[in-house]
Each structure stands twice: as structure tokens, then as C-alpha cells.
Ligand code: DGL
């Protein structure tokens, strides 16, 4: 079984890519909506939260853990990997993808405050950025997506996306691919980049490395607030 977690349903955008590459596996998705949003939490709080989630996923039988959250990955992945023996695969903002595939033109990197202020992010940014790249934190955006507040979301984006001639947008939070349409309505026909395909490829490699063999697709879901509507929305997006 492969465990995937995020601060809510955002990580479904990563899970979908993994399922495309590995359709015949058993997945357990943990949506931590009780602690959403992660983006404004301190490192200590996040470490405590994610340690408990990884332990729970291991106790349920997961042999690989995927941190489908850029914020938790940036802040906690090293310590989690030191603490647990299971392979832990972590997402990161797709800045290198822009560098490799679309280096010319203006790029906007969107992420949570927690991601942007992390050491890991700054290192990545300084390795692959150029002077046409702008980074901006979007506090509260993941929460609006999580709560599915469509009108508030529109107002928020109109206020925050005050950019012209953006060519590339790095979706540095796993909730953001769920609002590509809304972003395009303001910024126009931009190219999107996110880290989910990279994670899926890595999961496929690790499955091979640890020889994890399964035959049938199954998807289980746990939400930390026990929200039925969240569960419904999750399964609607997966399909
Ligand atoms: N989806 C998460 C991320 O990729 C976290 C969003 C949040 O809870 O603030 O950063």
C-alpha cells in the first residue's frame, strides 16, 4: 500500500499522476483538513503533525509514503526521512522544469508562505531562477480552494494576480492545480508547471527498488475532521 498525505484534498493532484503510472496499487490518502492550512504553521507544529501522520500511515501498512504537500515537504522531509525507515517521497515546486523547458519569459512562482520562507525553497530558487522570475506567497489561497469558496477565490485572485505578460506559472502548492482555469481567466494562456509528474516517476522507481508488488487498484480515504463532504469532493476529483 502507498500512503499519500496533504493538509486537505490538494494532494489529489499528485495522487492522480501516481495512479496514472501505477494503476494497480492500493492507495491510502490522508487528508489532514483538521490542521489545514499548513502554510501558516510553524516548523515545530508541522513536524509534530507530519510525524504523527507518517506513523499512522505506516501502522496502516503503507510501504511508501508520499508527502503531497510542498509546504510539509520543504519543512519536514529531511527529519521525517531520518526518523522513519520507509521511503518518503516529497514534492517540490517545479522551478527546475521551467529552467529546463521554458527559460525565456516572465515566470510567476506561486506557493504558501511556509514554502517560500523555507531554506529548501530558497536553495532551489537560487539554483534555477533568473531575473524574469517572481516569487509570491499566497496566504489563505489553499484554504479558499479547500473550502471551495468560489466567489471569495475569484476576488482573492483578482486582487493578488496583478501581473502582466506572465508566460509561466509554477504551481508550488498542490492545491493550486485545482484552480488552473481561474488563474488563466486573469493571467491569460500561461504555461503551468507543477511537481506532481516528477513525484509519480519517483514513486514508480521506488516501487521497483523495494519490489512492491500489488495487483489491484484500491483507494482508501481518511479525513482528519471526518468530513463526508470532503470525502465526496475527493472522490469526484479523482474520477
Ligand atoms: N497543499 C499544500 C502545499 O502544497 C499545503 C497548503 C496549505 O495547507 O497551506 O503547500
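Annotations
- Within the range 186-226, the set of residues being touching a strand residue (DSSP E or B) at 6+ places or on another chain (Cβ under 8 Å), under 25 Å from residue 35 (Cβ atoms) and not in a helix (DSSP H, G or I) comprises 194, 219, 220, 221, 222, 223, 224.
- Assessment of the range 66-77 against the conditions (surrounded by 15 or more Cβ atoms within 10 Å (Cβ to Cβ), without any contact (Cβ under 8 Å) to a residue 24 or more places away in the chain and more than 24 Å from residue 212 (Cβ to Cβ)) yields no matching residue.
- Against the numbered list (1) within 16 Å of the ligand (Cβ to nearest atom); (2) free of Cβ contacts under 8 Å to residues at least 24 places away in the same chain, residue 183 comes up short only at (2).
- As a summary of the residue check, residue 5 satisfies the conditions (1) within 12 Å of the ligand (Cβ to nearest atom); (2) assigned to a strand (DSSP E or B); (3) over 23 Å from residue 210 (Cα atoms) except for the one numbered (3).
- Of all the numbered requirements in (1) over 13 Å from the mean Cα position of the chain (by Cα); (2) within 13 Å of the ligand (Cβ to nearest atom); (3) at pLDDT 95 or above, residue 58 misses one, and that requirement is (2).
- Verdict on residue 85 being loosely packed, with under 15 Cβ neighbours inside 10 Å, modelled with pLDDT of 95 or more and either in contact with a strand residue (DSSP E or B) (Cβ under 6 Å, 6 or more places away or on another chain) or in a loop (DSSP other than H, G, I, E, B) (or both): yes
Here is a yes/no grid of residues against (1) near the ligand (Cβ under 10 Å from one of its atoms); (2) touching a strand residue (DSSP E or B) at 6+ places or on another chain (Cβ under 7 Å):
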position	(1), (2)
10	yes, no
14	yes, yes
23	no, no
34	no, no
76	no, no
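- Residue check, residue 90 surrounded by 18 or more Cβ atoms within 10 Å (Cβ to Cβ), farther than 22 Å from residue 224 by Cβ, within 17 Å of the chain's Cα centre (by Cα) and at pLDDT 95 or above: no
- Taking the criterion of being closer than 19 Å to residue 123 by Cα and in a helix (DSSP H, G or I), the residues of the range 60-80 that qualify are 70, 71, 72, 73, 74, 75, 76, 77, 78, 79.
- In the range 20-55, the residues that are surrounded by fewer than 20 Cβ atoms within 10 Å (Cβ to Cβ) and closer than 21 Å to residue 214 by Cα: 20, 21, 22, 23, 24, 26
The values are calculated or read from the model by the stated rules, or taken from the named source; none is laboratory data. All of these numbers come straight from a predicted model, not from anything done at the bench. Don't worry about glycine lacking a Cβ; one is built from the backbone with ideal geometry, like all the others, and counts go over all protein chains shown.
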